[in-house]
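Below: one structure, written as C-alpha cells.
The values are calculated or read from the model by the stated rules, or taken from the named source; none is laboratory data. Please read these numbers as outputs of a predicted model, since none were measured by experiment. Note: ideal-geometry Cβ built from the backbone for every residue, glycine included; neighbour counts use all protein chains shown. Quick note on the areas: whole protein, heavy atoms, side chains included, nothing else; ligands and nucleic acids left out. Shrake-Rupley method; radii C 1.70, N 1.55, O 1.52, S 1.80 Å.
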Amino acid sequence: MLGLIVKDFLISKRYTRTMLLLLVFYSIFGFLQKDGGAYLLFMTPLFFVMMTITTFAYDNAAKWDAYALSMPVMRNDMVFSKYAATLIFACAGTLLSVIFTTIIYMIKGEVLSQELIIGGLGALGAALVIISILLPLVYKFGVEKARLMMIAVFVVPTILGVVIAQTGFKPEIDDNTAKIMVILSPFVVIALLGISYLASCRIYAKKEL
Amino acid sequence: MSAEQNNLEITGLSKGYSGFRLNNISFSVPQGCIMGLIGENGAGKTTTLKLILNLIRRDAGSIKIFGMDNIKEERAIKEQLGVVLDESCFHETLTAPNIAVIMGKIYKGSWDNGLYESYIHKFALPKDKTVKEYSRGMKMKLSIAAALAHHPRFLILDEATSGLDPVVRSEILDVFFDFIQDEQHSILMSSHITSDLEKVADYITFIHKGEIVLSEGKDTLLENHGVIKCGAGDLERLDKRDIVSVRNNGFSCEALTANKAEVQRRYPGLTVDNATLEDIMLFYVRGDR
C-alpha cells in the first residue's frame, strides 16, 4: 500500500510543479492585494486535493488498476492508498499555504489573525468534505463523469446560498454555538471521510476490471 | 512415481456476459511446464486469465493456484505470481528506477533489486528514459523484468510477445525458457504467435467461443494432427470420423485429421502433411464440418 502512495507521488511530480508555481503566483497576487489576499489559504487545499482526482485519470490511462490487482494488492488497499494520498496532499498543501501566507503577512507587516488560520483550516475541511463526496462518485462513475457531477455539487449549494441570502435570512449563531461547531467540525470531517471510504470500498469491491 | 503437482488447476469455470459465455472450462498447468493458450480474438482467453487473477468474478467453478483457492488465499498466491498483460501498465512518466521503488514496496519481502537491475542491463533498457519514450518491445521487456524480479513461481502472460519483432521475441522466449528450468516454475501464456508456442510450449489449450476445444501435450497434438491434401473425389472416400474439418480452396481440398498415423496407414497414397498449430486453429475455427 505504501507502494501505491509512492506511485501517486511519483506520477504527480509535474502537477506538483504546476501547483507550486500557482502557489507562488497567488502569493505575489496576494502580496499586491490590499487585504493580504486570503485566496492562497483557501484555494490551496483544494488544488492539492484535486491532485488525487488527477491520479485517477493517470491510472486509467495506464490501465494500472488491473495490473496492480494482479499483484499482492487488495482492492481495499487500492482505495485506502487513494484516501491516504489525498490526506497527505491536502495537509501538505495547507501547511505550504499557511507558511506562504504568513511570510506575505510578515513582509507586509500585517498580523495574521486567528480567524484567518481557522478560515484556512476550514478550507482544508471543506476540501476534505468535497473529496468525501467526490471519491465514491469517481469509483462508481469514472473520473470524467464524476468531475461533471462535482460541478453540480458546487453549483447547487452556491445557488441555494445566494437565494437564501436574497431572502435576508441570517441565522443567528451565538459565540458558544460557534465554538462548539468549530470544535466538532474536525470530527464531522473525519466521520464523513470514514463513511466515504467504506462506500468507496464497497463500490470498488464489485468492479469488474 | 511422485504425484505431479499442478501450479494451476481450473475446474468447471464459467462466466457469462450478455452475448458471450465462458462455459465449463477445465485445464491444469503442471509444475515445470509452459502451457500455451490459443484461440481467436474474443474466444475467452483474456476472460480466463482475468478470472484466474480474480479481476472479474466467476459464475461457477474453482480455480486453484499452488493448491490454494484463488480467492481465499489471494494475497499469498499473488506474492508468487508474475503477471505481464498485453499493454504496458506503467504510467508514462515513470522511469525504470521509479518502477523499482514502487514494486519494491509492493513486494516487500521478495523484491530483488539486483535481479531487476540485471534484467534491465540484459535488455539494454535506458534507466533515464520514461516509459513514454520506450518502444513497444522495450515496454514489454520492462514489464517482464518487473514480473521476474520478485522471484515468482508462476508466470501468467497475456499476449506478452504480440507486436514484437522476431529478434526481441526470441530474446524473451529465451528468458522464459530459463525461467522454466526450475522444476517448480510454470508459465501460462496466451499468444496468437503460434510459432512461438511451437518452440517453447509443453502443453496447448485451445479455447473457441468460450469452450475448450482441446487441452493436451503440444508434441502429441502435432504428432496426431495432419493436413490431408487431395481432390474432391478422394475426400469422399475418406471415413468421416477421421476428419475434423475441410477447407476447399477451388483447386483442391484440405482436411484436418486428428488421427494422422491411422489415416496414413489406411490410405497409403494420400498426401498427409504435418499440421502446424496455426493449421489446427484455422481448421477447428474456420473449417467446414
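Scanning residues 5 or more positions from B:H185 or on other chains, those with amide H under 5 Å from its amide H are B:G32, with H placed 1.01 Å from N in the peptide plane. Helix B:96-106 against the longest principal axis of chain B: what's the angle in degrees, Cα atoms only, rounded to the nearest 10? Taking the Cα atoms of chain B, the angle to B:96-106 is about 90 degrees.
Given +1 at the Cβ of Lys and Arg, -1 at the Cβ of Asp and Glu and no other charges, the dipole of the stretch B:3-216 around its Cα centre is 720 debye to the nearest 20. Could you work out how far helix A:2-11 tilts from the main Cα principal axis of chain A, as a 0 to 90 degree angle to the nearest 10? Between helix and principal axis, roughly 70 degrees. Restricted to Cα atoms, the protein assembly as shown shows a radius of gyration and a Dmax of 30.0, 106 angstrom. Mean sequence separation of contacting Cα pairs (under 8 Å, at least six apart), scaled by the length of the stretch A:68-197, corresponds to a relative contact order of 35 percent.
Checking the cross-link pairs A:K13/B:K129; A:K63/B:K78; B:K78/B:K132; A:K145/B:K209; A:K63/B:K108 against a 25 Å limit on the alpha carbon distance flags B:K78/B:K132; A:K145/B:K209 as lying beyond it. Each label was represented as a point 7 Å from its Cα along the Cα-to-Cβ direction; for A:N176 and B:A261 these points are 9.8 nm apart.
Between A:I104, A:I133, A:I159, the GNM of chain A built on Cα springs shorter than 10 angstrom shows A:I159 fluctuating the most. Of the whole protein surface, B:K209 contributes about 150 Å² of accessible area at a 1.4 Å probe radius. For the set A:E172, B:E171, the ranking by accessible area, highest first and with no ligand, DNA or RNA atoms included, is A:E172, B:E171 under a 1.4 Å probe. Listed cross-link partners A:K140/B:K127; B:K139/B:K199; B:K122/B:K199; A:K140/B:K141 are compared with a 26 Å cut-off, the Cα-Cα value being larger for A:K140/B:K127; A:K140/B:K141. In this simple spin-label model, placing a label point 7 Å from the Cα along the Cα-to-Cβ direction at both B:F251 and B:E216 gives a separation of 3.2 nm.
Among B:V213, B:V101, B:V272, the largest mean-square fluctuation in a Gaussian network model of chain B (Cα springs under 10 Å) belongs to B:V101.
Classification of the stretch B:225-286 by its C-alpha gyration tensor yields an oblate form. The axis ratio a/c (a ≥ b ≥ c) is 1.5 or more, and b/c is at least a/b.
Which whole-number percent gives the relative contact order of the stretch B:3-216, counting Cα pairs below 8 Å spaced six or more residues apart?
32
Enter the accessible area of B:R169 (Å², nearest 10), with the probe set to 1.4 Å and all protein chains included. About 40 Å², ignoring ligands and nucleic acids. Taking the centroid of alpha carbons for each part, the stretch A:60-132 and the stretch B:115-142 are 34 Å apart.
For the stretch A:2-206, dividing the convex hull volume of the Cα atoms by the residue count gives 140 Å³ per residue.
Placing a pseudo-label 7 Å from each Cα along the Cα-to-Cβ vector at B:R286 and B:D165 gives an inter-label distance of 2.8 nm. In a simple Cβ point-charge model (Lys, Arg +1; Asp, Glu -1; nothing else charged), chain A has a dipole of about 680 debye relative to its Cα centre.
Bridging of A:K108 to lysines at a Cα separation below 25 Å is possible for A:K34, once same-chain residues fewer than 8 apart are set aside. What's the angle, to the nearest 10 degrees (0 to 90), between helix B:113-122's Cα axis and the longest principal axis of chain B? Relative to chain B, helix B:113-122 is tipped by roughly 60 degrees. Extension gain, A:L32 to A:E208, is 58.2 nm, computed as 0.36 nm per intervening residue step minus the present C-alpha separation. Divided by 2.2 N^0.38 Å, where N counts the residues, the Cα radius of gyration of chain B comes to 1.12. Extents of the stretch B:55-201, largest first, come to 44, 37, 30 Å (Cα atoms, principal axes, whole angstrom).
Mean projection of the Cα convex hull over all viewing directions, computed for the stretch B:130-227: 8.0 nm². Which of B:L37, B:L51, B:L197 moves most in a GNM of chain B, Cα contacts under 10 Å? Maximum fluctuation in the GNM of chain B, among the listed residues, is at B:L51. Give the Debye-formula value of log10 I(q)/I(0) at each listed q (0.13, 0.18, 0.20 Å⁻¹), with one equal scatterer per alpha carbon of the stretch A:1-115, two decimals each. Result of the Debye calculation: -0.57, -0.86, -0.98.
For B:K240, the accessible surface of its heavy atoms amounts to roughly 140 Å² (probe 1.4 Å, protein chains only, rounded to the nearest 10).
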